[in-house]
Amino acid sequence: MKIMVAIKRVVDYAVKIRVKPDKSGVETQNVKMSMNPFCEIALEEALRIKESGIASEVVAVSMGPSHCIDTIRTGLAMGADRGIHVEYLNALYPLSVAKLLKALVDVEKPGLLILGKQAIDDDCNQTGQMIAGLLKWPQGTFASKVVLDMEKQSAIVDREVDGGIETLCLDLPAVITTDLRLNQPRYATLPNIMKAKSKAIKKYTPQDLNVDIRRDLEVVHVTEPPKRKAGVMLSSVNELIDKLKNEARII
Amino acid sequence: MENWRSSAHRLLRLCSNHPSGYRFSRMVRKSAHSEVLCRHEGAFTQIQPPILQKKRHFELYSHHLPLRWVIGKTPGTQSRYFCFMATKIERNSTFAQLNSDDISYFKKFLGEKNVIQEEDALLAANIDWMHKYRGSSKLLLQPRSTEEVSQILKYCNSRRLAVVPQGGNTGLVGGSVPVFDEVIVNVSLMNNIISFDKVSGVLVCEAGCILENLISFLDNQGFIMPLDLGAKGSCQIGGNVSTNAGGLRLLRYGSLHGNVLGLEAVTANGEVLDMLSTLRKDNTGYDLKHLFIGSEGSLGIVTKVSILTPPKLSSVNVAFLACKDYFSCQKLLLEAKRKLGEILSAFEFLDEQSMTLALNYLEGVRNPLPPPLHNFYILIETTGSNESYDKEKLEAFLLGAMERDLISDGIVAQDIQQASSVWRIREGIPEALTRAGVTYKYDLSLPVDKINDLVKEMRNRLGNLATVVAYGHLGDGNLHLNISASQYDDAILAQIEPFVYEWTSKNQGSISAEHGLGLMKANKILYSKSPLTVQVMASIKKLLDPNGILNPYKVLPQSMVA
């Protein structure tokens with residue numbers, strides 16, 4: 001069985017984000033970029049499934065400008081067998097990503113598609129659900145545990161939902177999106193980093209895949225959240241009541 | 001071996017009551033002696049021929065019962081024994097005792113809040129980070145400005161009250177806590193950032209600024225501090241400067257002697273020496289600030305610092321590698337300096353025992369490399385301005401090292417999270433050591449090729465008595481030798497001291513690479529400096545602090561400053 005993993009290049013999780021002065025977005029020049037943490041977890045899960053013998057190949061897919069190749073190389077260094085880069089220079093929103101993924105799935109025919117539940121730059125949490133809809137595949141989102149049963153050709157997925165943990169049984173092929181507690185991604189060891197240099201990364205463009213990218217979303221402006229104001233020390237209960245009445249107007 | 005070393009060793013051996021020659025003796029309490037209890041030191045050495053001993057007592061007691069308290073009978077003296085060894089340093093009787101007039105004087109200009117006499121607050125200030133040294137100060141002062149520091153010192157000098165300057169109290173040689181009842185002058189309230197020049201990168205701030213806060217402030221401006229150490233969350237820049245702290249980035253940015261452009265210090269008589277310059281180049285006269293950098297508070301209290309900060313470069317890469325033997329580590333260092341050149345920013349090593357300790361005692365830490373455990377681990381960090389160029393350079397270097405069989409395994413951190421996890425292992429070893437039991441801590445500068453020889457010798461000497469843990473800044477030739485045991489024991493100490501100091505001295509090393517002398521090594525300076533040099537140091541101390549009130553009993557040997 002082949003597993004396809006979609007990975008995204010985002011601003012590193014530990015970086016302090018600054019909004020661009022023209023409020024059109026977040027500063028990404030000269031800022032450390034890395035693989036989205038949830039995508040790392042997705043890739044780790046795919047690699048574990050491959051190591052257990054159930055899958056034969058793990059393909060890492062990324063979409064965007066040429067820098068994405070760095071992220072795909074990281075994925076290959078972790079252990080993925082092949083990479084696919086869909087080159088597109090402008091911003092890609094979840095629906096476009098889902099359509100491109102569908103086209104790739106039709107080409108590669110994987111038995112399992114694993115994604116991170118959301119990207120930490122846009123927090124959309126939509127791509128996995130959309131691609132499952134387009135492919136008409138079952139989906140197990142927010143997965144905190146995945147167990148595959150090849151005899152029954154199904155996956156048993158524990159989902160982290162608001163009320164607790166929900167266990168679903170999905171028929172393969174299926175879409176799984178990963179949550180934080182699924183696993184701890186491995187480090188890329190040196191031998192694997194060296195091997196990754198010779199692994200193949202195939203390049204596609206949206207035209208090659210016959211996908212028409214439409215700008216269905218437009219970012220109007222991006223602002224920082226309001227800064228937390230310092231607290232005010234009050235000296236008496238009367239002052240508190242006065243402020244609650246007249247300034248905060250709650251009583 | 002230089003001429004002075006052999007005679008210094010002879011002198012040191014002659015005057016030391018080494019544990020191997022101790023005698024069990026009842027503690028004889030004659031006149032009012034206050035004793036200082038240090039948990040681990042055995043040999044209290046004085047650089048003084050036996051003839052001049054006179055009033056000083058060289059008594060060593062060995063109590064094998066831990067934590068036994070004995071309260072002295074004579075009023076005004078305290079005899080407390082922690083664990084086994086009590087080293088007797090006599091309280092200098094020329095220092096005055098605190099009285100209520102002093103307290104009211106301080107309260108007048110410092111305010112009630114900043115004159116602290118409560119037991120609980122004093123307890124934290126009286127004990128050092130390693131919980132090895134405990135003073136009995138009755139007064140903690142927290143000045144808010146240089147003028148207040150000046151007033152305090154002027155008064156203390158006139159009254160002959162001994163003073164301990166204190167910052168974050170993270171020192172590892174007992175230099176930041178009182179020995180007896182010295183007044184603690186803690187500069188934590190002086191934590192303002194005075195100015196920052198975005199063009200030149202010069203930061204001017206007060207001595208009480210915590211290093212981590214400065215790092216965050218500079219981060220917003222696109223700069224970094226030239227030093228970084230595990231204690232950054234608590235240590236203050238005044239203390240860092242006063243102790244010439246080294247740290248993890250010394251390899252790249254050099255020591256504080258190079259990065260501190262100016263400072264303001266208050267000398268013992270309360271005079272404010274304003275040497276706060278922001279100039280990169282200034283060859284006018286003797287550069288006095290260098291005296292204060294590294295003097296551990298014995299020449300003056302640093303109140304303001306002007307420091308040159310390097311720009312923050314975006315591309316940071318961390319690699320964690322395993323080597324099978326020390327020879328490979330050395331070759332790797334040479335290769336790294338050559339191949340990584342200008343982007344190399346840190347080169348640390350840790351041995352198998354350090355790794356085991358870190359994995360067992362630190363939470364949330366896992367081995368980046370798959371098992372088995374290797375003999376040596378190396379952490380390499382590169383900092384540069386071009387991500388892809390640096391990565392290429394690093395990978396080429398690593399490939400070369402792998403092909404030449406210098407590395408058995410390794411990882412390259414793929415994001416900041418992984419990089420911090422790897423650094424956590426290295427930075428967390430001192431913490432892990434404190435959790436594992438008791439530690440005999442040594443900080444030595446040695447020629448790189450000799451470092452592992454010393455570690456092997458120590459392992460031979462100690463056998464099953466204790467675990468020898470070695471790690472350090474290999475790039476700077478700095479070994480942090482730690483001997484970890486379940487409890488303090490004379491037998492262990494006997495195997496360590498003075499062997500480790502003599503070995504270091506014989507190999508032209510330094511007995512304190514970056515931790516300083518403090519109280520722990522106050523009488524050991526002759527292992528690394530010639531007697532004449534120490535005499536000149538003593539003259540300078542006499543010049544700047546004639547009454548000897550600043551951080552007494554520390555840094556220089558007692559006999560030379562008395």
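With a simple spin-label model that places each label point 7 Å from the Cα along the Cα-to-Cβ direction, the separation between residue A:168 and residue A:126 comes to 1.9 nm.
Which whole-number percentage describes the relative contact order of the stretch A:15-82, with Cα contacts under 8 Å and a sequence gap of 6 or more? Once normalised by length, the contact order is 26 percent. Within 10 Å of the Cβ of each residue in A:29-36, the mean number of Cβ atoms contributed by other protein chains is 4. Determine, from the Cβ-Cβ distance of residue A:66 and residue B:282 and an R0 of 56 Å, the FRET efficiency 1/(1 + (r/R0)^6), rounded to the nearest 0.05. Efficiency computed from Cβ-Cβ geometry: 0.70.
Rounded to the nearest 0.05, what FRET efficiency is calculated for residue B:460 and residue B:538 with R0 set to 35 Å and r the Cβ-Cβ distance? The computed FRET efficiency comes out at 0.40. In chain B, the longest principal axis of the Cα atoms and the axis of helix B:531-544 are about 60 degrees apart.
A Förster radius of 22 Å, combined with the Cβ-Cβ distance separating residue A:51 from residue A:151, puts the computed FRET efficiency at roughly 0.70. Just list whichever of A:50/A:136; B:312/B:506; B:198/B:232; B:312/B:393 have alpha carbons separated by over 31 Å in the model shown. Flagged as over cut-off: B:312/B:506. Averaging the Cα positions of each part gives two centres, and for the stretch B:134-161 and the stretch B:173-217 these lie 17 Å apart.
Relative to the longest principal axis of the Cα atoms of chain B, the long axis of helix B:416-427 lies at roughly 40 degrees. Put a dot 7 Å past the Cα of residue B:559, heading toward its Cβ, do the same for residue A:221, and the two dots end up 7.7 nm apart.
Summing charges over neighbours of residue B:425, with a neighbour being any other residue whose Cβ is under 14 Å away from its Cβ, gives -4 when K and R count +1 and D and E count -1. Net charge in the neighbourhood of residue B:340 (other residues with Cβ under 12 Å of its Cβ; Lys, Arg +1, Asp, Glu -1) is 0. For residue B:158, project a label point 7 Å along Cα to C-beta. Then give me every residue of the stretch B:258-300 with its amide nitrogen under 12 Å of that point. B:270, by backbone N distance to the label point. For helix A:237-246, what angle does its Cα long axis make with the longest principal axis of chain A, in degrees from 0 to 90 and rounded to 10? Approximately 70 degrees, to the nearest 10.
All C-alpha pair distances within the stretch A:156-245, sorted into 5 Å bins from zero, spread as 2, 6, 7, 6, 7, 10, 15, 14, 8, 5, 5, 4, 4, 4, 1 percent across the bins.
Each Cα pair of the stretch A:2-247 feeds into the Kirkwood radius, which the Stokes-Einstein equation turns, at 37 °C and 0.692 mPa s, into a diffusion coefficient of 167 µm²/s. Normalised by residue count, chain B yields a Cα convex hull volume of 156 Å³ per residue. Can you pull out the trypsin sites (Lys or Arg not before Pro) in the stretch B:305-368 whose DSSP state is coil and whose Cβ has at most 15 other Cβ atoms within 10 Å? Of the trypsin sites (Lys or Arg not before Pro), the ones in loops of the stretch B:305-368 whose Cβ has at most 15 other Cβ atoms within 10 Å are B:324, B:366. Looking only at the stretch B:265-287, which residues have a backbone nitrogen under 12 Å from a spot 7 Å from the Cα of residue B:109 in the C-beta direction? Residues B:270-272 qualify, since their backbone N sits under 12 Å from the label point. Counting every C-alpha pair in the protein assembly as shown, the share spaced more than 41 angstrom apart comes to 45%.
Of all DSSP-defined beta bridges confined to chain B, some 90% are antiparallel rather than parallel. Taking the average, over residues, of other Cβ atoms within 10 Å as the packing measure, peptides A:112-122, B:543-553, B:499-509, A:17-27 rank A:112-122, B:543-553, B:499-509, A:17-27 from highest down. Of all the options A:195, A:16, A:102, the one that moves most in a Gaussian network model of chain A with Cα springs shorter than 10 angstrom is A:16.
Less than 10 Å Cβ to Cβ from residue B:212, Lys/Arg counted +1 and Asp/Glu -1: what total charge do the surrounding residues give? Cβ neighbours under 10 Å give a net charge of 0. Rounded to the nearest 20, the Cβ-based charge dipole of the stretch A:2-247 about its Cα centre (Lys and Arg +1, Asp and Glu -1) stands at 640 debye. Here the spin labels are modelled as points 7 Å beyond Cα on the Cα-Cβ line, and at residue A:89 and residue B:388 they lie 1.5 nm apart. Peptides B:167-180, A:39-52 ranked from most to least packed, by the mean per-residue count of other Cβ atoms within 10 Å: B:167-180, A:39-52. The mean number of partner chain beta-carbon atoms within 10 angstrom of a residue's beta-carbon across peptide A:189-201 is 4.
None of the figures in this text is laboratory data; all of them are computed from the coordinates on show. This is a predicted model, so every value here is computed, not measured. When we count neighbours, we look across all protein chains shown, and the Cβ atoms used for this are built from the backbone with ideal geometry, even at glycine.
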